[in-house]
1. For the range 1-46, which residues satisfy the criterion of being part of a loop (DSSP other than H, G, I, E, B) and open to solvent by less than 60 Å² (accessible area, probe 1.4 Å)?
2. Please determine, by comparing only the residues of the range 300-329 that are out of contact with any Leu (no Cβ under 7 Å at 6 or more places or on another chain) and aliphatic (A, V, I, L, M), which one is farthest from L242 (Cα to Cα).
3. Residues of the range 212-267 being within 27 Å of the chain's Cα centre (by Cα) and among the hydroxyl-bearing types (S, T, Y), which ones?
4. Residue by residue through the range 47-64, note down the ones that are within 14 Å of E12 (Cβ to Cβ) and open to solvent by less than 50 Å² (accessible area, probe 1.4 Å).
5. What pairs come up if the first residue lies in the range 184-209 and is closer than 19 Å to V139 by Cα and touching a residue at least 12 places away in the same chain (Cβ under 8 Å), the second is open to solvent by 50 Å² or more (accessible area, probe 1.4 Å) and of a type in the set (S, T, Y), and their beta carbons are under 8 Å apart, counting only those six or more places apart or on different chains?
6. For the range 223-251, give me each residue that is at pLDDT 85 or above and of a type in the set (A, V, I, L, M, F, W, C).
7. Out of all the residues in the range 196-219, which are over 16 Å from L132 (Cα atoms), out of contact with any Pro (no Cβ under 6 Å at 6 or more places or on another chain), among the small types (G, A, S) and open to solvent by 20 Å² or more (accessible area, probe 1.4 Å)?
8. So which residues in the range 217-232 are out of contact with any Leu (no Cβ under 8 Å at 6 or more places or on another chain) and within 14 Å of L152 (Cα to Cα)?
Amino acid sequence: MPCVSDLHSIGELARASGLTVSALRFYDSAGVLEPALVDPVTGYRWYTDEQITPARLVAGLRRIGMPVPEIAAAVRAEPAAVHQLLDTHLRRLADGLTDARREAARLRALVDPAQPVTTTLLLSPTGLAAALDAVRFAVGVDPELPMLSGVLLDVEPDGVRLVATDRYRLALARATADVDGPPARVFVPVALVDQLRPLLDATDAGPVWLSVAGAELRVLVAGRTLTGTALPYDFPDYRRLLRKAVGERPTARRIPVDVAALRAALADPAAPTVARDHDGTTREVTVLGVDDQGGLRLLPAADLSTNALRVGVDGRYLLDALTAAGAPQLVLELDGPIAPLAVRRTDDADTYSVLMPIRL
């Protein structure tokens with residue numbers, strides 16, 4: 001046991017680290033930075049020289065807003081792991097700042113609806129067509145949920161992100177573009193999307209010119225001009241959904257699959273499924289698991305009693321996602337029976353879809 005004369009009081013550690021005394025008490029109670037010695041009579045906390053650097057690390061991580069569980073992990077981690085935690089937190093901060101800027105712009109327009117600023121995009125017809133094909137299958141069709149009946153165009157400085165969801169699946173893609181004007185978010189009705197898509201295949205389509213001015217849309221392609229009005233709904237915060245659903249998932253298994261083979265297996269009338277009751281109806285659930293070689297396997301009901309990694313999905317939705325991805329090889333990301341299934345391309349990190357799991 002260290003001698004008190006060789007230790008630092010909580011006040012001394014506070015001055016050396018930049019943490020307050022109350023913060024040190026909090027991190028002690030949270031198990032992040034426990035004192036080397038607590039006097040059993042007075043309750044005074046005492047710390048060693050070796051705890052000054054961890055305390056300074058805690059102070060710095062606290063200043064940049066890192067969550068307490070991650071601070072606790074950083075204090076005990078090797079340098080490489082600390083760098084990884086910092087990178088993850090910085091990405092989270094950057095995403096949050098981007099979201100805040102978009103929301104601030106929306107609020108400014110709400111309180112001061114001045115003449116809308118126009119944002120114009122010049123896009124490749126093939127790039128836009130591929131992006132639309134990758135997300136169209138996930139557009140909502142429930143008349144009671146009109147806020148999902150379209151494709152979100154989230155315009156960024158160098159391109160546009162396309163997003164669609166019907167609550168059970170969410171699809172994303174990105175098309176590069178020359179952008180003139182501020183970032184914009186516009187929720188395009190599916191009817192306008194379906195009117196535009198065939199024109200992108202025209203041999204004389206040429207570059208696509210798209211302009212957004214408030215809720216007004218105008219598209220010039222293949223000698224045609226399409227106009228429309230954005231849907232007057234707030235699209236779900238897909239970035240937050242993605243961070244929760246398929247953000248940092250160190251436990252997820254990434255399984256390469258041959259799309260043609262998996263499509264054939266899913267379409268086979270003898271493909272195993274599991275019957276489950278959902279909203280008063282019986283649904284046939286496709287259960288995905290991992291075989292002995294680490295490949296994908298369709299699990300029969302008899303194999304669900306094990307603790308092996310598995311997830312249940314709607315097989316029709318999975319077929320749609322495989323087709324929409326438009327690639328011969330994909331990666332399926334499994335992370336357990338209550339985590340969403342991610343369907344990813346190997347050559348395009350911006351194009352993927354997420355299927356909600358069905359409870360087994």
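1. To start, the set of residues in the range 1-46 that are part of a loop (DSSP other than H, G, I, E, B) comprises 1-3, 7, 18-20, 30-36, 39-44.
Within the range 1-46, P2, L7, G18, L19, A30, G31, V32, L33, P35, A36, D39, G43 meet the criteria.
2. This residue is A302.
3. Matches in the range 212-267: Y233, Y238, T251.
4. Across the range 47-64, the qualifying residues are Y47, T48, Q51, I52, A55.
5. That search, which allows pairs on different chains as well, returns F187/Y233; P189/T229.
6. Within the range 223-251, L226, A230, L231, F235 meet the criteria.
7. G206, A215
8. The answer is L231, P232.
The values are calculated or read from the model by the stated rules, or taken from the named source; none is laboratory data. Everything numeric here is computed off the predicted structure, so don't read it as measured data. Please note: Cβ atoms are built from the backbone with ideal geometry, for glycine as well, and neighbour counts cover all protein chains shown. Heavy atoms of the whole protein, side chains included, go into the accessibility calculation; ligands, DNA and RNA do not. Shrake-Rupley method; radii C 1.70, N 1.55, O 1.52, S 1.80 Å.
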